[in-house]
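A short write-up of the structure that comes next.
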Amino acid sequence: MKTSRQIIDELNELRKEQGMSITELAKHVGMAKSGVSKYFNHTREFPINRTPEFAKALHTTVEKVLGVDNSQSDLDPKFPSNAIDLSNLHHVRIPIVGDIACGTPITAEQNVEGYHDVYLKHVPAGKLFALRCKGDSMEPRIPNGAYVTILQQPTIETNEVAAVLINGEATLKQFKQMDSKHAILYPFNTKYEPIFLDGNDDVKILGKAIHYDGEL
C-alpha cells in the first residue's frame, strides 16, 4: 500500500491529466478547498477512508489510488498497521441540512440542500444528517468547511461534540454540563471564548457529532 505522500502524488497526477482544479475536486468530494489543498501541499495526512470519493471524482479505482491488489489480505505484513479496511466501511448517503457555525453562530437553515456520501465503520441506529462548518473555532480537529455527520438525539453527554441551537442560532461545540441549569460550550480553537449557558437561554440539542473526515 502506498504512503500518504504517494497517494497524494497519484491523485495530483490524475487531477492534472484531467484538467481538474483543486476547487473542482473539492466540490466533487464534498470538502472545503482549504482542506484538500493541505493534502496536496503535504501538510495534512490523506484520510484513507475518503479514498472512494477521490477515486470516483478522478474516474479511477480505489485499488489504483492506494496501490493495492484485490488479492492482498488485510493481514499482509506489508500493509501498515493503521491501514483502513475499506471493505468493512458502510456507504451512507445523508441529507445536508443548512450550514452550522464554528465561531460566530449563524441562523440555522432547516432545509435539505443536498446529500453527502460518507463511509462509516459503524452506522448507528437513528437519523443522520450533515451540517457544514463555517469558521475555524473547532480547528485543528474539525476544519472550516468540513461536513459533519450528526446523529440526531435530544441529549448529549459531557465532553461530546454537539450541534446545538441557542436562541435559534446553530453552533458546533464541545458540551460540558455544569449542573441542572448551567452548561458550557467549548471551542477547540483557544483563540475563541467558551459559550456559557444558563436557564435563560433557549437551548435545543440537535444531536451528537460522530464523523467529519474521520471518526470523532
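The values are calculated or read from the model by the stated rules, or taken from the named source; none is laboratory data. Remember, it's a predicted structure, so these values are computed and weren't measured experimentally. We place every Cβ from the backbone using ideal geometry, glycine too, and count neighbours over all the protein chains shown.
Taken over segment 155-185, residues that are of a type in the set (Lys, Arg) and within 12 Å of residue 201 (Cβ to Cβ) amount to 1. Among the residues of segment 166-188, those that are surrounded by fewer than 18 Cβ atoms within 10 Å (Cβ to Cβ), in contact (Cβ under 8 Å) with a residue 24 or more places away in the chain and either assigned by TED's automatic domain parsing to the domain that holds residue 50 or assigned to a strand (DSSP E or B) (or both) comprise 166, 169. Filter segment 189-213 down to the residues that are assigned to a loop (DSSP other than H, G, I, E, B) and not small (Gly, Ala, Ser) and list them by number. 189, 190, 191, 192, 193, 194, 198, 200, 201, 202, 212, 213 - these are the residues of segment 189-213 that are assigned to a loop (DSSP other than H, G, I, E, B) and not small (Gly, Ala, Ser). Counting only strands (runs of 3 or more DSSP E) that sit completely within segment 78-153, those holding 2 or more residues that are modelled with pLDDT under 80 and either surrounded by 14 or more Cβ atoms within 10 Å (Cβ to Cβ) or in the same structural domain as residue 169 (by TED's automatic domain parsing) (or both) correspond to 90-101, 112-120.
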